[in-house]
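The values are calculated or read from the model by the stated rules, or taken from the named source; none is laboratory data. Note that this is a predicted model, so its numbers are computed, not measured. Heads up, the Cβs are rebuilt from the backbone with ideal geometry, glycines too, and the neighbour counts pull from every protein chain shown. Ligands, DNA and RNA are excluded from the accessible area calculation, which covers all protein heavy atoms including side chains. Shrake-Rupley method; radii C 1.70, N 1.55, O 1.52, S 1.80 Å.
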Amino acid sequence: MLKGAVIGCGFFAQNQLHAWADLPGVGITALCDRDPEHLAFAAARFGITRTYTDAATMLAAERLDFVDIATTVASHRVLVEAAAAAGVHVICQKPFAPSMADARAMVAACEAAGVTLMVHENFRWQGAVRSAIDALHGGAIGAPFFGRVSFRSGFDVFSGQPYLATQPRFIIEDLGIHILDIARALFGEVTHLSATTRRVNADIRGEDVATMLLAHRGGVTSVVDCSYATRRSPETFPETLLEIDGEAGTLRLDAGYRLTLSTPRGEESRSVAPPLLPWAERPWHNIQESVLRIQAHFLDCLAIGRAPETSGADNLRTLALVEAAYASAAGAGTLDPAEL
Ligand code: NAD
Ligand code: 89V
């Protein structure tokens with residue numbers, strides 16, 4: 001039985017704790033949160049008695065195989081480096097780091113310690129998105145040449161995550177990071193990116209609309225568009241919608257989790273709606289199921305000694321797209337993310 005600890009027991013960690021409880025061969029044996037109320041709430045909810053308000057104290061006192069860091073970004077570097085120094089495997093929530101320099105240092109620390117590092121970049125693990133990735137990579141529409149990866153919503157994310165309203169960076173760093181990662185998972189690495197941003201909601205500090213144009217190394221051009229200022233019906237939070245043109249057909253992932261393949265042979269449409277796990281609630285169930293999937297993937301990787309799909313090293317490339325998008329929107333024009 002693998003022993004893990006969750007660091008950060010706030011809003012999203014509840015999903016991670018539920019998912020760990022569902023997975024065989026693993027147990028969360030300790031919890032850490034610097035906020036005693038959050039710590040006590042999660043400890044009681046999940047029946048975990050070994051609790052700490054300081055991660056260094058926990059790492060010194062507990063025998064752990066891994067830590068699952070679910071704090072906000074400011075604390076990620078210090079916690080990842082402390083876990084690496086303690087010789088335990090690490091999962092770290094997105095956004096992985098506030099800068100490329102921090103992210104590279106975190107990857108290097110884990111490599112030097114010989115521990116596995118996975119970024120909890122879960123959107124590419126959503127069942128509907130996975131179905132689209134599998135169909136595309138399986139050749140269902142031939143070689144793709146255009147893609148639109150779209151997340152547009154008017155959902156109130158600020159009630160659950162109030163810090164999102166106060167940060168100078170909002171939609172690209174918090175949500176666009178997922179959608180850019182899906183574009184990478186679908187179409188491969190990016191050679192050029194340009195972006196525009198807008199703030200429509202005057203009550204928040206950062207941008208809530210971003211439109212990004214990506215050139216992928218394999219020849220695909222994609223548009224990644226994100227908005228939390230879109231009031232429409234149906235409200236699609238938290239669905240990522242897709243339109244992909246390939247040389248032999250088109251693929252669409254439409255509102256309501258419907259995947260449609262159109263080829264000269266005809267049209268094939270099926271539901272790829274996520275299941276409602278016993279602890280999940282709509283409309284979050286899509287994200288909640290992806291948490292279970294990515295954590296299962298982490299356990300599989302540890303068992304066979306393989307790097308996770310969204311390893312720290314992999315996530316450097318998604319983070320570079322975020323940095324390129326902000327720099328482009330600030331006036332830097334079109335950028336090669338590899339140069340950041
Ligand atoms: P939150 O503020 O609700 O919870 C974070 C918790 O971490 C708090 O309880 C806080 O007290 C604790 N904490 C902070 N620094 C700490 C430290 N150094 N040591 C111990 N505890 C510490 O935040 P949240 O909304 O749960 O978000 C957490 C992270 O999860 C963020 O990085 C966010 O972007 C990410 N997130 C990811 C998804 C997803 O789908 N992958 C969804 C929501 C949030
Ligand atoms: O991923 C996140 O951190 C969340 C949400 C999915 C709502 O954007 O903020």
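General remarks:
- For the chain, the longest principal axis of the Cα atoms and the long axis of helix 177-187 meet at an angle of about 60 degrees.
- About the Cα centre, charge dipole magnitude for the chain (Lys/Arg +1, Asp/Glu -1 at Cβ), debye: 220
- R0 of 22 Å, Cβ-Cβ distance R217-R130: FRET efficiency to nearest 0.05: 0.50
- Taking only the alpha carbons of the stretch 11-98, we obtain Rg and Dmax values of 12.3, 34 Å in that order.
- Each of H192, H297 has its accessible area taken with a 1.4 Å probe; listed largest first, they run H192, H297.
- Extent of the chain along its three principal axes (Cα atoms, max minus min coordinate, largest first): 61, 42, 40 Å.
- The stretch 282-324 shape via C-alpha gyration tensor axes, a/c threshold 1.5: oblate
- Computed over the stretch 54-184, the P(r) curve from all C-alpha pair distances, binned at 10 Å from the origin, holds 11, 34, 29, 21, 5, 0 percent per bin.
- Note that the stretch 182-340 shows a convex hull volume over its alpha carbon atoms of 168 Å³ per residue.
- Ordering of 264-271, 182-189 by packing [mean C-beta count within 10 Å, highest first]: 182-189, 264-271
- Annotation: Y326 carries an accessible surface of approximately 30 Å², with a 1.4 Å probe and no ligand, DNA or RNA atoms counted.
- Taken over the stretch 171-224, the alpha-carbon convex hull comes to 63 cubic angstrom per residue.
- Across the stretch 51-188, Cα pairs under 8 Å and at least six residues apart give a relative contact order of 20 percent.
- Seen against the Cα atoms of the chain and their longest principal axis, helix 312-327 is set at about 60 degrees.
- Difference of contour (0.36 nm per residue) and Cα-Cα distance, K3 to R104: 33.7 nm
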